Amino acid sequence: MTKTSVCRGTLTVQLKSRRRSFRALGGDQGRGFRILGGDQGRGFRILGGDQGRGFRIWVEIRGGPSWFRVEFDCGVSGQDAEILVDYRPLEDSVDPSNMLCAGKDSSSVVQWSQCPPAGGSRNCRDGPEPEPQSSETEWDLVNAATYRRRGGSAMSRSQDRSRWAFSAAVGDLRSVTVKDEGWTFLILQLKEPSTSCSTSCSTSSTLPPLHFHQGGSREFLDSLRRFALLSESAEDEACLLVSTPNRALSQSFENLLDDNNYSLVHKFRRDPYVTTLGSFSKVTNYILEALRGAEEAQQRPPEEVADLLGDIIPGLEINQQEEPGFEVITRVDLGVRPPVSRAAPLSPEDWRRHRDAEGSMVDTQRLRHAVFKGGLCHAVRKEAWKFLLGFYPWSSTLEERKSLHRAKTDEYFRMKLQWKSVSEEQERRNSRLRDYRSLIEKDVNRTDRTNRFYEGLDNPGLVLLHDVLMTYCMYDFDLGYVQGMSDLLSPILYVMESEVDAFWCFVSFMDQMHQNFEEQMQGMKTQLIQLSTLLRLLDLSFWNYLEAQDSGYLYFCFRWLLIRFKRELSFQDVLRLWEVLWTGLPCQNFHLLVCCSILDSEKQKIMEEKYGFNEILKHINELSMKLDIEEILQKAEGIYEQIRSCKVLGLLRSRNGAASTRPAQAERPPPPARPRRSGRLHPPGPGGAAASTRPAQAERPPPP
Amino acid sequence: MTTKTSLLKVILLGDGGVGKSSIMNRYVTNKFDAHLFHTIGVEFLNKDLEVDGHQVTLQIWDTAGQERFRSLRTPFYRGSDCCLLTFSVDDNQSFLNLGNWKKEFIYYADVKEPEKFPFVVLGNKLDVTERQVSSEEAQQWCQENGDYPYYETSAKDATNVAVAFEEAVRRVLAMDERTDHLIPTDTVKLHRKPRSATTCCS
């Protein structure tokens, strides 16, 4: 039976700040303690307590849009009755640009004082009382899920958390298995199915894995070694068997002071920061909350992974061949990224070669492929873009196009006349039109003004930009004008040099981009979710890092996606990228792979510099105009090839139960998230039921 | 406090095109570009300054002003120390919308005591000759809404920009003084049954 060795008395956490005071979110810390008083506001929350030695609490503090983890250890000073504890946050766990409260504030104190024996009647916990004197080791590890649903009550959050919380006596541990997946994670196995597993880990004797994304597993094991012997298993050197001599179990706090922990506490008094930094492991279980229970995550057949990818990138063909006798489980194992070469832009001669006597375009598959590989020479763009965007059908003859053009010209001017003929008086009574017009006028004035087509005061390009946007409002009055649309039109108008052609090409482009600009911005939400899912499949460790920085939603990609990299690249590079994307090759949503390509290039910097939420946003924003389009496209195509040729195999398990060298299911790390959609992929079942009670990811609130 | 650098988050809000980005850029880089792109998404810049002996790092957040992007910008309101409500003196509508911006901010920033929150109002584009909003009107609005400081600025010729930010900092610092003296720190009590042992928190 687990013995608790918890603080008794009153723990008062006072976070004083010069500029704000904090209130607790509330929440049950698994086994550590829970908050009784305090307003249930937002501001800070206590995540968990470590009852190893002394105790440690994690507090997450709202700073701007992000949460910052502050870990502090409570050391001891003074006598029994009243213990004052100083804390400082771990610097590297706090975003320095946002240390609104913690790091720079010397007035913050954590106060721990013991209640008089009779005064503790407000026991907050049900269940058996801890035995007096029990101060045995107990690990109390609380998984912190970093996704937070807005609108969820404090209580539901804490329940989410405690769902993952567990505690187990060291004496009940059978083994610790050390695994590595780019980060280290530990799997604790209990001696037998045990009731001491305090929460939702069902009847399994394996506790949820502990993930040390930022290191610290060694320290964890070292700490464990103080209380138990760890010896390598004969069969598996990654598996450490735990044995617990009585001596270790009987260590009390006083004993702890005698050995190296004494110096720890001692040092802590003098220099809490350094000691804290150096002495404790960091458990970062970024359980992909809201995703699934362990049971759901066990298996994923290859067709599901393929399906998931195919859903994000329609047109992507994934090799779904299975190795006989095995079934695919959780991950996409990408092979080496194949080298990709780009080609020269398509010349006017090349273009003409694809035109037959009637003027129809022939062998368009190869033509589009050539555009995908190299883009177009500028001279070809004016004509080719009309086909790529779908204004002209590829199969149309020259005559057909002429008559189409005539009809579309009429239609355009009819719509243009509509807004042109609105009198001032009418407009006074039409606030929507007035708003559209005012916004368009403002934005035309600040769109690509350094481009020769739009520079200067009386440039006709400005009038065209304005008129086409106004006419588009008449074409789609419900949508009207939304900021970002001028960015999408500008390159098209620049290439077309014709109001009518630009308008209809813009209409085609907007057909693709429409959802981005709608009231609910559904297109943006969908793309961000797709991109996040994709990144998680392609690069789990990076995704995990972003997730830990509250950036898993990829908020910082907003501008990329809203206007297809228009602000990130030089004008000429935008033209190149867009024509490549318009080929629809090699798959739909190739622009998401373009995102992955850029992120792949920035990942090292972001992770090495340990950028937090704000720095990531700033870094990505500042990439603008520093990107090389050919390099990006090359890498994006490479990633595509990687996905295409990967055998979605990952970890294998023998289907007929034969011995396998692969890790057993229980030892697997949390897999990439479930697809962010519900329904057909997860038929109701043992796992499906659990899945259905969780909100679909698509319902995740806007970030952060 | 005097020896430390505080990080203050200020956020610029106001209709599209009133000059939020220009004000920020003027203040941080001392440059003005009449043809600066309109902001897509959210951006921020940092600026160090000293106000009345206090070292301060201002983190200035700039957002897209169009209504449609509300869900994008509002998550960034939280944690703001000060809000600069911005309109353009040549655009009456942007002035009329100040109240909406204030409301939106208070709601999403989850301001505990809205009546005490330091807002500063900026009437930008002072350099433009055709005004639609008079100083008196603007001042009256500020007075009626909470006695906010009002500055008429020009990002173009740098008029009053630095002054306005410094005032914002002063307001925040003044708030802190008051908070520290008057409001007891919020407390979270974590009750445990008492125990007789001398061990603690192990």
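Take A:Arg342 and tell me if it is modelled with pLDDT of 95 or more and closer than 24 Å to A:Leu488 by Cα.
Numbers: modelled with pLDDT of 95 or more: yes; closer than 24 Å to A:Leu488 by Cα: no.
No: the conditions fail for A:Arg342.
Among the listed residues B:Val128, B:Val111, which satisfies the condition of being free of Cβ contacts under 8 Å to residues at least 12 places away in the same chain and either open to solvent by 10 Å² or more (accessible area, probe 1.4 Å) or basic (Lys, Arg) (or both)?
Working: B:Val128 fails: free of Cβ contacts under 8 Å to residues at least 12 places away in the same chain.
Exactly one residue qualifies, and that residue is B:Val111.
Could you list all residues from the stretch B:50-67 that are touching a Lys or Arg at 6+ places or on another chain (Cβ under 8 Å) and under 19 Å from B:Ser22 (Cα atoms)? If you could, list the steps in order and put the result at the bottom.
Residues of the stretch B:50-67 that are touching a Lys or Arg at 6+ places or on another chain (Cβ under 8 Å), as a first pass: B:51-52, B:55, B:57-65.
Passing the criteria: B:Leu58, B:Gln59, B:Ile60, B:Trp61, B:Asp62, B:Thr63, B:Ala64, B:Gly65.
Every residue, every condition in (1) surrounded by fewer than 17 Cβ atoms within 10 Å (Cβ to Cβ); (2) at positive phi; (3) outside any loop (DSSP other than H, G, I, E, B), yes or no:
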residue: A:Val380; (1), (2), (3): no, no, yes
residue: A:Ala384; (1), (2), (3): no, no, yes
residue: A:Ser396; (1), (2), (3): no, no, no
residue: A:Lys402; (1), (2), (3): yes, no, yes
residue: A:Asp410; (1), (2), (3): yes, no, yes
residue: A:Arg414; (1), (2), (3): yes, no, yes
residue: A:Gln418; (1), (2), (3): yes, no, yes
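Quick one: A:Phe613 ticks every box in (1) within 13 Å of chain B (Cβ to nearest Cβ); (2) modelled with pLDDT of 95 or more bar one, so which box is it?
(2)
Which of the residues that make up the stretch A:420-444 are open to solvent by 80 Å² or more (accessible area, probe 1.4 Å), within 14 Å of another protein chain (Cβ to nearest Cβ) and either in contact with a His (Cβ under 6 Å, 6 or more places away or on another chain) or of a type outside the set (Lys, Arg) (or both)? Don't jump to the end; show me each part of the working.
From the stretch A:420-444, those open to solvent by 80 Å² or more (accessible area, probe 1.4 Å) are A:420, A:424-426, A:428-429, A:432, A:434-435, A:441; that's our starting set.
Filter again for within 14 Å of another protein chain (Cβ to nearest Cβ), leaving A:428, A:432, A:434-435, A:441.
Within the stretch A:420-444, A:Asp435, A:Glu441 meet the criteria.
Is it the case that the stretch B:20-34 has a residue that's open to solvent by 10 Å² or more (accessible area, probe 1.4 Å), within 11 Å of another protein chain (Cβ to nearest Cβ) and in a helix (DSSP H, G or I)?
Within the stretch B:20-34, one or more residues are open to solvent by 10 Å² or more (accessible area, probe 1.4 Å), within 11 Å of another protein chain (Cβ to nearest Cβ) and in a helix (DSSP H, G or I).
Exactly one of these conditions fails for A:Gly523: (1) at pLDDT below 95; (2) within 14 Å of chain B (Cβ to nearest Cβ); (3) at negative phi; (4) open to solvent by 10 Å² or more (accessible area, probe 1.4 Å). Give me its number.
If we test A:Gly523 against (1) at pLDDT below 95; (2) within 14 Å of chain B (Cβ to nearest Cβ); (3) at negative phi; (4) open to solvent by 10 Å² or more (accessible area, probe 1.4 Å), just (4) comes out false.
Looking for whichever is under 29 Å from A:Leu585 (Cα atoms) and under 44 Å from the mean Cα position of the chain (by Cα) here; the options are A:Lys386, A:Lys416, A:Lys402. Which one fits? Talk me through it step by step, then tell me what you get.
Working: A:Lys416 fails: under 29 Å from A:Leu585 (Cα atoms); A:Lys402 fails: under 44 Å from the mean Cα position of the chain (by Cα).
After applying the criteria, what remains is A:Lys386.
I'd like to know if the stretch B:2-9 contains one or more residues that are surrounded by fewer than 24 Cβ atoms within 10 Å (Cβ to Cβ) and among the charged types (D, E, K, R).
yes
If you go through the stretch B:35-77 one residue at a time, how many are open to solvent by 40 Å² or more (accessible area, probe 1.4 Å), within 7 Å of chain A (Cβ to nearest Cβ) and more than 30 Å from B:Lys4 (Cβ to Cβ)?
The number of residues fulfilling the criteria is 4.
Tell me whether the stretch A:621-631 contains one or more residues that are outside any loop (DSSP other than H, G, I, E, B), surrounded by fewer than 20 Cβ atoms within 10 Å (Cβ to Cβ) and touching a residue at least 60 places away in the same chain (Cβ under 8 Å).
Here is the first cut: in the stretch A:621-631, the residues outside any loop (DSSP other than H, G, I, E, B) are A:621, A:629-631.
Narrowing the set further to residues that are surrounded by fewer than 20 Cβ atoms within 10 Å (Cβ to Cβ) leaves A:621, A:630-631.
The next check asks that each one be touching a residue at least 60 places away in the same chain (Cβ under 8 Å); those that pass are A:621, A:630.
Yes, some residue in the stretch A:621-631 is outside any loop (DSSP other than H, G, I, E, B), surrounded by fewer than 20 Cβ atoms within 10 Å (Cβ to Cβ) and touching a residue at least 60 places away in the same chain (Cβ under 8 Å).
Do you know which residues across the stretch A:445-475 are open to solvent by less than 10 Å² (accessible area, probe 1.4 Å), under 22 Å from B:Ser88 (Cβ atoms) and hydrophobic (A, V, I, L, M, F, W, C)?
A:Leu465, A:Leu469, A:Met470 - these are the residues of the stretch A:445-475 that are open to solvent by less than 10 Å² (accessible area, probe 1.4 Å), under 22 Å from B:Ser88 (Cβ atoms) and hydrophobic (A, V, I, L, M, F, W, C).
Could you please find all residues in the stretch A:355-367 being surrounded by fewer than 20 Cβ atoms within 10 Å (Cβ to Cβ) and in a helix (DSSP H, G or I)?
Across the stretch A:355-367, the qualifying residues are A:Thr364, A:Gln365, A:Arg366.
With respect to A:Leu561, is the statement that it is hydrophobic (A, V, I, L, M, F, W, C), within 14 Å of chain B (Cβ to nearest Cβ) and not in a loop (DSSP other than H, G, I, E, B) true?
Details: hydrophobic (A, V, I, L, M, F, W, C): yes; within 14 Å of chain B (Cβ to nearest Cβ): yes; not in a loop (DSSP other than H, G, I, E, B): yes.
Answer is yes for this residue.
In the stretch A:600-617, what residues are in a helix (DSSP H, G or I) and loosely packed, with under 14 Cβ neighbours inside 10 Å?
Step one: of the stretch A:600-617, the residues in a helix (DSSP H, G or I) are A:600-608, A:613-617.
Hits for the stretch A:600-617 are A:Gln604, A:Lys605, A:Glu608.
The values are calculated or read from the model by the stated rules, or taken from the named source; none is laboratory data. Because the structure is a prediction, the values reported are computed rather than measured. Note that we place each Cβ from the backbone using ideal geometry, even for glycine, and neighbour counts take in every protein chain shown. These accessible areas exclude ligands, DNA and RNA; they are computed on the full protein's heavy atoms, side chains included. Shrake-Rupley method; radii C 1.70, N 1.55, O 1.52, S 1.80 Å.
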